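Colleague: I'd like to ask some things about the structure below.
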Amino acid sequence: MSSDQSSNKKKNNFTIIKDDSTDGHGGYGAGTISLENMSSVIVDPNEDKAYVDMAAMHARSDVERRVKWINDREEVQGGKLYWIVWVTVDKNENGPYYAGVAGSEIRVNREIKRAYKSMAEHVKHMEKSLKGHIIVEHMDDHSKKLLGDFLRDYKPELWENSTEELTRQLF
């Protein structure tokens, strides 16, 4: 590709900023998404654990590294199941709470160095979490229990302030 072609190529930039981009000033940060109140939790049903891994925000978590990503689940036969759960914290009249929780599947087969994830699903779930949606019904029961136990133990006060929908779906 010549330098003229590459300079004309449209660039897709996703900007993550620390402060609120919705304050109405219309200057720097307008049209960006603030992920200030979002965390990424890895649920590993293979090892019976869940933990925060902020590197997943940039697709660089430990479970995502050193594999080639493909978007055909069938090509990752025998892959281990993991969930990246996008957790958003907000405040209500009782204080901070887990407002949005959305789990996205990944499958990793270390033997063949291949992994599956649907980027469209991950982006959609991040957006839904930011908007306060709870999307965990597609997760297996064991993984939901691990996630519920983790959120409850990690910040009990946030769990106590959370919606009945969240506590019901995560046992």
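Colleague: Rounded to the nearest 10 Å², what accessible area does Glu127 show when all protein chains are kept and the probe is 1.4 Å?
Modeller: 90 Å²
Colleague: Just to make sure I understand: if all protein chains stay in place, what is the order of His122, His138, His58 by accessible area at 1.4 Å, largest first?
Modeller: His58, His138, His122
Colleague: Compute log10 of I(q)/I(0) for the range 99-167 with the Debye formula, placing one identical point scatterer on every Cα and leaving out solvent, at q = 0.15, 0.23 Å⁻¹, to two decimals.
Modeller: Result of the Debye calculation: -0.57, -1.07.
Colleague: Here are some pairs, Lys80/Lys144; Lys68/Lys131; Lys113/Lys145; Lys80/Lys131; which of them have Cα atoms lying more than 27 Å apart in this structure?
Modeller: Cα-Cα > 27 Å for Lys68/Lys131; Lys113/Lys145; Lys80/Lys131; rest within.
Colleague: Another question about this same structure. If I ignore ligands, DNA and RNA and count only protein heavy atoms, how much of Thr167 is accessible to a 1.4 Å probe, in Å² to the nearest 10?
Modeller: Its heavy atoms expose roughly 40 Å² to the probe.
Colleague: Starting from the residue with the highest accessible area, list Met126, Met54, Met139 in decreasing order, probe 1.4 Å.
Modeller: Final ranking, largest accessible area leading: Met54, Met126, Met139.
Colleague: Loop-only trypsin sites (Lys or Arg not before Pro) in the range 133-171, please: DSSP not H, G, I, E or B, and at most 10 other Cβ atoms within 10 Å.
Modeller: Answer in residue order: no site qualifies.
Colleague: In debye, nearest 20, what is the charge dipole magnitude of the range 32-124 about its Cα centre with +1 on Lys and Arg Cβ and -1 on Asp and Glu Cβ, if you could check?
Modeller: Dipole about the Cα centre, nearest 20: 400 debye.
Colleague: Related question: Across the range 129-143, in residue order, what do the Karplus-derived ³J(HN,Hα) couplings come to in whole Hz, using 6.51 cos²θ - 1.76 cosθ + 1.60 with θ = phi - 60° and x for Gly and Pro?
Modeller: Values, residue by residue: 4, 4, 8, x, 8, 10, 10, 9, 4, 7, 7, 5, 4, 4, 5 Hz.
Colleague: Could I ask something else about it? Could you list the trypsin sites (Lys or Arg not before Pro) in the range 73-120 that lie in coil according to DSSP, counting only those with at most 15 other Cβ atoms within 10 Å of their Cβ?
Modeller: Qualifying residues, ordered by number: Arg110, Lys113.
Colleague: Please list, in order along the range 86-101, the HN-Hα scalar couplings obtained from phi with the Karplus expression 6.51 cos²θ - 1.76 cosθ + 1.60 (θ = phi - 60°), rounded to whole Hz, x for Gly and Pro.
Modeller: Going residue by residue, I get 8, 10, 10, 9, 9, 10, 10, 4, 9, x, x, 7, 6, 8, x, 9 Hz, with x marking Gly and Pro.
Colleague: At most 15 other Cβ atoms within 10 Å and a DSSP loop assignment: could you name the trypsin sites (Lys or Arg not before Pro) in the range 43-72 that fit?
Modeller: Arg60, Arg65, Arg66
Colleague: With +1 assigned to the C-beta of every Lys and Arg and -1 to the C-beta of every Asp and Glu, and no other charges, what is the dipole magnitude of the range 92-140 about the Cα centre in debye, to the nearest 20?
Modeller: Magnitude of the dipole: close to 360 debye.
Colleague: Let me ask another. Provide the FRET efficiency to the nearest 0.05 for the Asn109-Glu160 pair, computing r from the beta carbons and using R0 = 45 Å.
Modeller: Using R0 = 45 Å, I get an efficiency of 0.70.
Colleague: A follow-up question, please. Could you work out how far apart the two model spin labels at Asp153 and Glu36 are, taking each label as a point 7 Å from the Cα in the direction of the beta carbon, and quote it in nm?
Modeller: 3.1 nm
Colleague: Which value, in Å² rounded to 10, gives the accessible area of His142 with a 1.4 Å probe and all protein chains present?
Modeller: 80 Å²
The values are calculated or read from the model by the stated rules, or taken from the named source; none is laboratory data. Here the structure is a predicted model, which means the values were calculated and not measured. Quick reminder, even Gly has a Cβ in these numbers, built from the backbone with ideal geometry, and neighbours come from all protein chains shown. For the accessible areas, the whole protein counts, side chains as well, though only heavy atoms, and no ligand, DNA or RNA atoms are used. Shrake-Rupley method; radii C 1.70, N 1.55, O 1.52, S 1.80 Å.
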